[in-house]
Amino acid sequence: MATLLFFILILLFLINVPVAIALGMSATLVFIIQDSVPIIAVMQRMFNSVDSFPLLAIPFFILAGKLMESGGISRRLIHLANVIFGRVRGGLGLVSIMACAFFAAISGSAAATTAAVGSLLIPAMVKKGYDKSFATAIQATGGTVGIMIPPSVPLVLFGVIAGVSISDLFIAGIIPGLFVVASLMLLVYFVSLVKGYGGGEKFGFKDFLLAFKDAFLALLMPVIILGGIYGGVFTPTEAAVVAVVYGLIVGLFIYREIKWKDLSEIFSSSIVITSVIMFIIAGASAFGYFLTRERVPAKMTEMMLGVTDNWIIALLIINLLLLVVGVFLETAAAIIILTPILVPIAQAMGIDLVHFGIIMIVNLAIGFITPPVGINLFVASNIAGTKFESLVRAIIPFIIMMIVNVLIISFIPSISLFLVGK
């Protein structure tokens, strides 16, 4: 029956049925064929999966990101990054990556980070003589750090499903996220050095102080959120609410770049994004319910242990699986489907679940820049007005660098666990 379940799911994907509906429908059909569980029980399971206090963090972090995106935050962060890196070869490319890191600590979304920063920096890079495809590839890849650096919606999802502390996951995501940022900046610098892109802009210390002052409230937001969580002042869910209040105050009354009439659009777009994620969670819960009843996670664990009891080989196999799945499946759906299957394997191999969560998120982040489903590629190419085919060629070095990052983070657990104290 498990084989039939996956067959129906793949068939629904092939005929372009939305992910959430495909997950719920495939599980429901198999339950009907099997006639072992009342359908009302499946519906109750789906409802209970979204009736969760920790999941409240998702809509609030999404709303906070929208408020900060609309409140002039991205422009201020980009200017600060440009003052710091503008004089360096490939400066605007480095600014793009660094601005993505700043914005990721606010939005928690890869696509939002790509759109908010890319709309300003891709045209600026092209104007400075950067190849349009290369500039677009920089931005698409930089946007992936949106789900690594906390707060991160995928980390919340993994924490809820795997039963792992979301606070620990947030702490663990800081160093790997910054490590990925540094590696991408290094790649951009060397390519720019070879191609002769950018550099030469001059900014003094006074310019830095003015830019820092202008962006101070933007930089303060992640400090308040993460500091409050790590200091035990509030939970991640409460932190998300604090972020919304902070974003409203800064955008409406201090920067004054959000007008009262803009709030309806900000709220409605946040509701739409949240609804899609919650619908996916509900559909995936029915899917996971069937997998659990059929002991698929236990069988997969036994099969993996039958192949190898070496955690290094097991991680290589898991990374390959995640890389392939990330190419074809949206990140939230991949986390919800694979976490119940892979967590028992990780536990059996003695892999710390906080470390494993970071491995999953960094790995699935590659899916944002791999065709055919890579959403960051579509967002960035639409902003740049470049052909998708030329962008695919330009993105290859970045994909290779991201794979190297995944392997380093996978096999050096201390990168993820150092700040957690494990």
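Based on this model, can you work out whether Ile396 counts as closer than 23 Å to Leu187 by Cβ, over 18 Å from the mean Cα position of the chain (by Cα) and either free of Cβ contacts under 8 Å to residues at least 12 places away in the same chain or outside any helix (DSSP H, G or I) (or both)? It would help to see each step written out before you state the result.
On the way: closer than 23 Å to Leu187 by Cβ: yes; over 18 Å from the mean Cα position of the chain (by Cα): yes; either free of Cβ contacts under 8 Å to residues at least 12 places away in the same chain or outside any helix (DSSP H, G or I) (or both): yes.
Considered against the rule, which asks whether it is closer than 23 Å to Leu187 by Cβ, over 18 Å from the mean Cα position of the chain (by Cα) and either free of Cβ contacts under 8 Å to residues at least 12 places away in the same chain or outside any helix (DSSP H, G or I) (or both), Ile396 comes out as yes.
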**Report entry** In segment 206-231, residue surrounded by the fewest Cβ atoms within 10 Å (Cβ to Cβ) [restricted to those that are among the β-branched types (Val, Ile, Thr) and farther than 17 Å from Met148 by Cβ]
**Finding:** Val223
Query raised in the report: Limited to segment 17-49, what total is found for residues that are within 18 Å of Ala334 (Cβ to Cβ) and either within 25 Å of the chain's Cα centre (by Cα) or not in a helix (DSSP H, G or I) (or both)?
Result: 9
Report task. Report yes if Ser167 is open to solvent by 20 Å² or more (accessible area, probe 1.4 Å) and closer than 24 Å to Phe418 by Cβ, otherwise no. Result -> yes
Query raised in the report: Assuming Ala380 fulfils every condition listed in (1) open to solvent by less than 10 Å² (accessible area, probe 1.4 Å); (2) among the small types (Gly, Ala, Ser); (3) touching a Phe, Trp or Tyr at 6+ places or on another chain (Cβ under 6 Å) apart from one, which condition is it?
Result: (3)
Report task. Output yes when any residue across segment 114-129 is of a type outside the set (A, V, I, L, M, F, W, C) and under 20 Å from Phe179 (Cα atoms), and no when none is. Result -> yes
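What helices (runs of 4 or more DSSP H) completely inside segment 275-350 contain at least 2 residues that are touching a residue at least 60 places away in the same chain (Cβ under 8 Å) and out of contact with any Leu (no Cβ under 8 Å at 6 or more places or on another chain)? Show your work before the answer.
Working: elements: 296-307, 311-328, 331-348.
Counting at least 2 such residues, we get 311-328.
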Query raised in the report: Which of the residues belonging to segment 233-255 are farther than 11 Å from Leu67 by Cβ and either in contact (Cβ under 8 Å) with a residue 24 or more places away in the chain or touching a Leu at 6+ places or on another chain (Cβ under 8 Å) (or both)?
Result: Thr235, Pro236, Thr237, Ala239, Ala240, Val241, Ile254
Report summary line: A careful count of residues in segment 26-67 that are without any contact (Cβ under 8 Å) to a residue 40 or more places away in the chain and within 15 Å of Phe279 (Cβ to Cβ) gives 2
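Taking the condition among the aliphatic types (A, V, I, L, M), touching a helix residue (DSSP H, G or I) at 6+ places or on another chain (Cβ under 9 Å), open to solvent by 10 Å² or more (accessible area, probe 1.4 Å) and in a helix (DSSP H, G or I), does Ala140 pass? Reasoning before the result, please.
Numbers: among the aliphatic types (A, V, I, L, M): yes; touching a helix residue (DSSP H, G or I) at 6+ places or on another chain (Cβ under 9 Å): yes; open to solvent by 10 Å² or more (accessible area, probe 1.4 Å): no; in a helix (DSSP H, G or I): yes.
Criteria not met by Ala140.
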Query raised in the report: If you check every pair at least six apart or on different chains, which have Cβ atoms under 8 Å apart with a residue in segment 120-133 that is modelled with pLDDT of 85 or more first and a residue that is β-branched (Val, Ile, Thr) and assigned to a loop (DSSP other than H, G, I, E, B) second?
Result: Lys132/Thr386; Ser133/Thr386
Requested in this report: Please tell me if Ile359 is in a helix (DSSP H, G or I) and over 15 Å from Gln139 (Cα atoms).
Outcome: yes
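Please indicate, with yes or no, whether at least one residue in segment 186-205 is open to solvent by less than 60 Å² (accessible area, probe 1.4 Å), part of a helix (DSSP H, G or I) and closer than 30 Å to Ala333 by Cβ.
Of segment 186-205, the ones open to solvent by less than 60 Å² (accessible area, probe 1.4 Å) are 187-188, 191-192, 196-201, 203-204.
Subset that is part of a helix (DSSP H, G or I): 187-188, 191-192.
Add one more test, that the residue is closer than 30 Å to Ala333 by Cβ, and what stays is 187.
Yes, there is a match, as at least one residue in segment 186-205 is open to solvent by less than 60 Å² (accessible area, probe 1.4 Å), part of a helix (DSSP H, G or I) and closer than 30 Å to Ala333 by Cβ.
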**Report entry** Unique residue being farther than 30 Å from Ser269 by Cα and open to solvent by less than 30 Å² (accessible area, probe 1.4 Å) when the list is Leu63, Leu5
**Finding:** Leu5
Query raised in the report: If you scan segment 252-294, which residues turn out to be open to solvent by 70 Å² or more (accessible area, probe 1.4 Å), among the polar types (S, T, N, Q) and within 21 Å of Phe60 (Cβ to Cβ)?
Result: Ser264
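The values are calculated or read from the model by the stated rules, or taken from the named source; none is laboratory data. Source: prediction; values computed, not measured. Virtual Cβ from ideal backbone geometry, glycine too; neighbours counted across all protein chains shown. Calculation scope for accessible area: heavy atoms of the full protein, side chains included, ligands and nucleic acids excluded. Shrake-Rupley method; radii C 1.70, N 1.55, O 1.52, S 1.80 Å.
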